[in-house]
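Here the structure comes first, spelled out in structure tokens, and everything after it is commentary.
We did not get these values from a lab; they are worked out from the coordinates using the rules stated. Quick caveat, the model's predicted, so the values are computed rather than measured. Heads up, the Cβs are rebuilt from the backbone with ideal geometry, glycines too, and the neighbour counts pull from every protein chain shown.
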Number of protein chains: 2
Amino acid sequence: MSRRRSWWGWGWEDAAVTGDELERLAAMLAAFLGDPGRSRDAPEPGALRLPAPRVRPPGALAGLAEASDEARALHSHGQSLGDIVAALEGDLDAVCDLVMRPTDGAGVAAVLDWCSSANVAAVPFGGGTSVVGGVTPRVGDGYAGVVSLDLRGLDRVLEVDTVSRAARVEAGILGPALEEALRPHGLTVRHQPQSYEFASVGGWLATRSAGHHSTLHTHIDDRVEGMRAVTPRGTLESRRLPGSGAGPSPDRLLLGSEGALAVITEAWLRLVARPVHRAQAAVRFGGFTAGAAAARAVGQSGLYPATCRLIDATEAMINRIGDGSASVLLLGFESADHPVDADLTRGLELCADHGGSADPPTARDDAAGSWRSAFIRLPYVRDAVIRLGHIVETFETAITWDRFEDLWRTVSDRAGGAVAEVCGAGVVTCRLTHVYPDGCAPYFTVIARSRHGDQRAQWAQVKAAASEAILAAGGTITHHHAVGRDHRPWYDRQRPQLTADALAAAKRALDPAWILNPGVLLDAPGSQSSPT
Amino acid sequence: MSRRRSWWGWGWEDAAVTGDELERLAAMLAAFLGDPGRSRDAPEPGALRLPAPRVRPPGALAGLAEASDEARALHSHGQSLGDIVAALEGDLDAVCDLVMRPTDGAGVAAVLDWCSSANVAAVPFGGGTSVVGGVTPRVGDGYAGVVSLDLRGLDRVLEVDTVSRAARVEAGILGPALEEALRPHGLTVRHQPQSYEFASVGGWLATRSAGHHSTLHTHIDDRVEGMRAVTPRGTLESRRLPGSGAGPSPDRLLLGSEGALAVITEAWLRLVARPVHRAQAAVRFGGFTAGAAAARAVGQSGLYPATCRLIDATEAMINRIGDGSASVLLLGFESADHPVDADLTRGLELCADHGGSADPPTARDDAAGSWRSAFIRLPYVRDAVIRLGHIVETFETAITWDRFEDLWRTVSDRAGGAVAEVCGAGVVTCRLTHVYPDGCAPYFTVIARSRHGDQRAQWAQVKAAASEAILAAGGTITHHHAVGRDHRPWYDRQRPQLTADALAAAKRALDPAWILNPGVLLDAPGSQSSPT
């Protein structure tokens, strides 16, 4: 029997935190926030009293359409704190009229044809793991209706080229199924965002997803040889190439387009051989900035570790890889071709230069292993904290090294100040998820006291304070969570106005009726669908 | 006294091949092509009888304008075989009316304002090293005139951030001046196209230049943190970031835009520390495909050599690093941080697995050294061959490994067949200039018998045959030479039509009067300025 996806929260229904585990979590929160919270359950979809669908597809497309309460509810939100609270409260931000489930590019084109002619907005939906409102059908008032365009039916691996190490895959496939198909060839995409289990390849591409690996090819962008996408004006297919200099890259225009320019249906992805050589260590630093200096040295060394993740003392303690007295740098190398012990040795020298002390080997493995399993389990735990009425949410940015310390201090202070003021108790922690030669990606986690009914409004205040601080400090409003609808106020200020004009013109050329995911990246002309 | 740039050909006037060197070259060509050729000299610019300028700038811009014959002639062509022959024949394809020389972004904006209001086309000109007609003022009939927008006055290094290892530089600076400014900081851009001595940073960015280094960050694209560009609608400045996921990259829309969307005036470029550890070798292979198999293994190993350049037997002989019996793979590693001997050892093992035999150490250094000096001197030698009335030209592509051998054979055969048929004698050689995990960039050189008066027409036939073969075999019409005007017929077929539509719409948004480099990437609406 197949497992059932949660309609309201993360992942599998049967993997939710319940019973003893939930009680332990509540006890921990009681100690930490002064309030264990009170767990609430999500309503059944039938209890949501969804408005009747405003549109129905033409007969030829009726077979692709679904209008059950559960399907509509599940497809009307992503996985942000706001999304989950809205679902738990039975008060969804916006509701799609229908779910359309094409199984190939022709089906996608047919749906877009109908949407264009009937003034129906289409919101592409892969794994539904957006944490920025990217799949929320909040499209403004100018449409006759809105459909969620579920791409999970496009889930095949079409070709595996073991010579070039690349695969042609459909956009709706999820990470685990893709890896399963590649494993017999000894190959892997080596791209593991935290959403890996439930995020689709098309979502990775549309949002410029970044994976678990910390250096070099951090974003999926670099792993794309070519793409196929459907627009209301037809299908676009770029040539499959290892590199090119023929004009602005056709692929780069679609990478990060978040369903607003086209529906990505296929891609040729670069693969790597499965690693067989590994070496890793956990290195402790007295302060986060000392750890960051070491991360910078490693990032600039040309060693390109697979893992170079600096976790601050509090977050290390929460994740049980530290006692709260030291920041921890997880440093790991891997290769399918050659031993990497010398790389680790050199990496540890660079850490020692900045005052880092490596754990003895046994403890090392524990730290990295604990981190990895916590990483995958975390979204379920997050849902439980939210169900208890508290706040847990993350946000991320990227910044050059020269401005890193200022950004880190300012953002931590402003977000922490907002938590104290708005929530009364809580903590803001930071880790560096990705390390570049010229900068890093600081990733912040907020855990704060709240109560049912107040979570969304309180979080909105903290998020706004943090986002303002990020922008003022020179960072990007998102390193890999994407823009969606939730980041629009800051993205619009970060993005050069002429880039916005060029994107809007390109959208008009590809999507003349402006039905593709309105509100994401760009508003519908004359409307103001984004929060301000 | 400052050296004088050649108005008609490559580089410094006083570095041209003359006297004994020219005689030796003629003798070599006599042996090789059966005809020593007959050297002709370029006319003096004053003898070109250029048409009078059709436009004059408004008074406020008069100080930026130059209308001397020499300046107009030098700015009316790039460095393709066709360009040089046209100059030698005193028969330029098209002539700019004026050269405009702003010295800052405001000056660029003022020139574009005037051009937009007066219907004057503006062709950005950096080092003038385009080999694809990118700076040739062939803009179609719809303009009152055309100016060459010389950006060499924007030649400053504005900031060096040694912490993040990045520099903010103006677009008109050339490679050597940039490196000189960075050397005191121990930093380098590590980007050396063959045009390095005379190509500008703005040109690198506008054409997606690829450097001498063979793997990893081959194109300048990956070295860009942020950019500033002037359009007829104003100035666009992207945020300086080490990485981001906020919508389609503003920079990637301009990278490769070849002056058709904006005039790039500044960029933050990523730098690296100057390497101090080096290890290199030359490896010989009985056949080119065996060498390519080794290059693929190295490319997929994760070793990321700085040099991984496979040169076929004939080209190795011509470049004096072989006797014509073996293909030569130049394999070199470098690092500013750690020894790379183990990397070379592993690379040589991979080569041995594919039948490669490494030269003893002494010969190794000679081979790499000979190659490097020939590489820098080559454009001067090329000019001399052209002046003797023969053909020497190059073209390049990229292809995934699974289709590499087919492309290499077909393109070599078709180009070789065209040489035999059209020219009667000559040779087509190939090297792999860049090696990716999933493919490579084959770079072809044609040396063929010709005579004054026939060079352009004969080359056009060979080039067309080669380009058709590249497209049919799945390659890109250019890996790093750019599109310009000369590659348009094939680029237009390679590029998805919807990408063209999106680009045209973006251009209209940024350049409403359509005055930026018309004919490059896109034609002026209603015109057909590209050759068909």
Q: With only alpha-carbon atoms counted, please give the Rg and Dmax of the protein assembly as shown, in Å.
A: 29.6, 93
Q: Determine the shape class of the range A:188-273: with a ≥ b ≥ c the square roots of the Cα gyration tensor eigenvalues, call it rounded for a/c under 1.5, and otherwise prolate if a/b is greater than b/c, oblate otherwise.
A: oblate
Q. Relative contact order, percent, of chain A when contacts are C-alpha pairs under 8 Å separated by at least 6 residues?
A. 16
Q) Between the range B:52-99 and the range A:428-476, what is the C-alpha centre distance in whole Å? A) 54
Q. Can you give the net charge of the other residues whose Cβ lies under 10 Å from the Cβ of A:Ser148, counting K and R as +1 and D and E as -1?
A. -1
Q) With no solvent and one point on each alpha carbon, what is the Debye value of log10 I(q)/I(0) for the range A:46-103 at q = 0.12, 0.22, 0.23, 0.28 Å⁻¹? A) -0.30, -0.84, -0.89, -1.15
Q: Determine the dipole magnitude for the protein assembly as shown: charges of +1 sit on the beta-carbon of Lys and Arg, -1 on that of Asp and Glu, nothing else is charged, the reference point is the Cα centre, and the result goes in debye to the nearest 20.
A: 680
Q | Cα centroid separation - the range A:273-318 against the range A:326-348, whole Å | A | 9
Q) Local charge sum around B:Arg24 (other residues, Cβ-Cβ under 14 Å, Lys/Arg +1, Asp/Glu -1)? A) -1
**Q.** Principal axis dimensions, largest first and in whole angstrom, of the range B:388-483 by Cα
**A.** 43, 21, 20
Q. Considering amide H positions built from the backbone, and no H for Pro or chain starts, which residues 5 or more places from A:Ala65, or on another chain, come under 5 Å of its amide H?
A. A:Arg101
Q: For B:Lys463, list the aspartates and glutamates whose Cα falls under 15 Å from its own Cα; do not include residues on the same chain fewer than 8 positions away.
A: B:Asp83, B:Glu393, B:Glu396, B:Asp413, B:Glu421, B:Asp454, B:Asp486
Q. Rounded, prolate or oblate: which one fits the range A:437-508, using the alpha carbon gyration tensor with axes a ≥ b ≥ c (rounded when a/c is under 1.5, else prolate when a/b beats b/c, else oblate)?
A. oblate
Q | Diffusion coefficient, µm² s⁻¹, Stokes-Einstein with Kirkwood Rh over alpha-carbon pairs of the range B:245-285 at 25 °C and 0.890 mPa s | A | 167
Q. Local charge sum around B:His390 (other residues, Cβ-Cβ under 13 Å, Lys/Arg +1, Asp/Glu -1)?
A. +3
(Q) Please report, ordered by residue number, every helix of chain A (full DSSP H runs) that is 30 Å or longer along its axis going by C-alpha atoms and whose mean Kyte-Doolittle hydropathy reaches 0.0. (A) none
